[in-house]
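> Below is one structure. I have some questions about it.
The values are calculated or read from the model by the stated rules, or taken from the named source; none is laboratory data. Nothing here was measured: the structure is a model prediction, and the numbers come from that model. Cβ coordinates were reconstructed from backbone atoms using ideal geometry, including for glycine residues, and neighbour counts include every protein chain displayed.
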Amino acid sequence: MAEFAARHRESLALVGLSNPYRRNAGGSLGQAWRHLRRSGPGLLGYLAVNMSLPRVAGLLSPGPGPLVRLLGGRGVPVVTVEDVNGPAFAKTLRASGAELIVTFHFDQILSAGTLGIPPLGGINVHPSLLPHHRGPIPTLWAGMDPAPAHGVTIHRLVPRIDAGPILAQKAVALPPGVTVSAAARLLHQAAVPLAGEVLARLAAGTAVERPAEALPYRPFPTRATLREARRRGLRLFDAADLRAALRARL
């Protein structure tokens, strides 16, 4: 997201960071218990690397994180979003004057009412070749396929997870042995120029939308799925992902 913000900082009106441990989603302990019951302890490390560590690093490090440093001098508000469909965020979104919502790995489902606030609605950057691998950890499920195929998709936001019409898509080759975490990071980076192309077409009124086929949703993995991933040599994260998480402090 920081790379996207750097490229488009002149046109950003607001940056909202979802609180993954918000009370209305069960809080940190409630979510950890649900993930532990479903997926076992193996998934908790992945979630810590991708959700918790950047926030902890931000709290322990002096001064603002890279995103705030990038945007703070330009007066772009960076806010924590507790409820993307609640009245507080609706007020903030309207006051910002934003014309389009762009989401990266955002863990809240936007309602039709929220998507109706900006005149151009919203788009999402998803690290898979939709409609394949809809859901929160698409790089895990893509890596589990008999012939793994990775890529990125820019699609319209609708009040259903990763189900909106497709605006652009690109296959991306990843290095052998890449972890699930690194794959998501590399795919989001590869999506930045593609998202820029979509933004230009939306501004020009030339964007073409392709309906997405209704393929199954891929949820958080079960213990059995994670055991099979380990058997195939697919790792959720490694030391390099830990270092990347600490550098990406929020």
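> Among the residues of segment 148-161, what is the count of those that are under 14 Å from Ala184 (Cβ atoms) and crowded, with 21+ Cβ neighbours inside 10 Å? Talk me through it step by step, then tell me what you get.
Start the filter on segment 148-161 by keeping residues that are under 14 Å from Ala184 (Cβ atoms), which leaves 148, 150-153.
Those left that are additionally crowded, with 21+ Cβ neighbours inside 10 Å: 150-153.
Number of matching residues: 4.
To keep it simple, each residue is scored yes or no on (1) touching a residue at least 40 places away in the same chain (Cβ under 8 Å); (2) under 18 Å from Leu71 (Cβ atoms).
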{"site": "Ala2", "(1), (2)": "yes, yes"}
{"site": "Arg7", "(1), (2)": "yes, yes"}
{"site": "Leu14", "(1), (2)": "yes, yes"}
{"site": "Leu17", "(1), (2)": "yes, yes"}
{"site": "Arg23", "(1), (2)": "yes, no"}
{"site": "Trp33", "(1), (2)": "no, no"}
{"site": "Leu36", "(1), (2)": "no, no"}
{"site": "Gly40", "(1), (2)": "yes, no"}
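> Follow-up. Any residue in segment 177-195 that is within 13 Å of Ala240 (Cα to Cα) sitting within a Cβ distance under 6 Å of a residue that is surrounded by fewer than 19 Cβ atoms within 10 Å (Cβ to Cβ) and basic (Lys, Arg)? List the pairs, counting only those 6 or more apart or interchain.
Thr179/Arg235
> (1) modelled with pLDDT under 95; (2) under 27 Å from Glu197 (Cα atoms); (3) among the small types (Gly, Ala, Ser): which one isn't true of Ala57, the others all being true?
So the condition that Ala57 fails would be (2).
> Give me a count of the residues in segment 189-227 that are touching a Gly at 6+ places or on another chain (Cβ under 7 Å) and either surrounded by 15 or more Cβ atoms within 10 Å (Cβ to Cβ) or among the basic types (Lys, Arg) (or both). Spell out how you get there, then give the answer.
Pass one, segment 189-227, residues touching a Gly at 6+ places or on another chain (Cβ under 7 Å): 212, 217-219, 223, 226.
Subset that is either surrounded by 15 or more Cβ atoms within 10 Å (Cβ to Cβ) or among the basic types (Lys, Arg) (or both): 212, 218-219, 223, 226.
Qualifying residue count, segment 189-227: 5.
A quick yes/no check of all residues on (1) within 27 Å of Ala239 (Cα to Cα); (2) acidic (Asp, Glu); (3) crowded, with 18+ Cβ neighbours inside 10 Å:
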{"site": "Gly116", "(1), (2), (3)": "no, no, no"}
{"site": "Asn124", "(1), (2), (3)": "no, no, yes"}
{"site": "Ser128", "(1), (2), (3)": "yes, no, yes"}
{"site": "Thr139", "(1), (2), (3)": "yes, no, yes"}
{"site": "Pro146", "(1), (2), (3)": "yes, no, no"}
{"site": "Leu167", "(1), (2), (3)": "no, no, yes"}
{"site": "Leu187", "(1), (2), (3)": "yes, no, yes"}
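> Further question on the same structure: What is the number of the single condition among (1) at pLDDT 95 or above; (2) within 24 Å of Gly164 (Cβ to Cβ) that Pro87 does not meet?
(2)
> When the residues of segment 34-52 are filtered to those that are modelled with pLDDT under 90 and within 16 Å of the chain's Cα centre (by Cα), which remaining residue is surrounded by the most Cβ atoms within 10 Å (Cβ to Cβ)? Spell out how you get there, then give the answer.
Going residue by residue through segment 34-52, those that are modelled with pLDDT under 90 are 42, 51-52.
Checking which are within 16 Å of the chain's Cα centre (by Cα) leaves us with 51-52.
Numbers: Met51: 18, Ser52: 16.
The extreme case among them is Met51.
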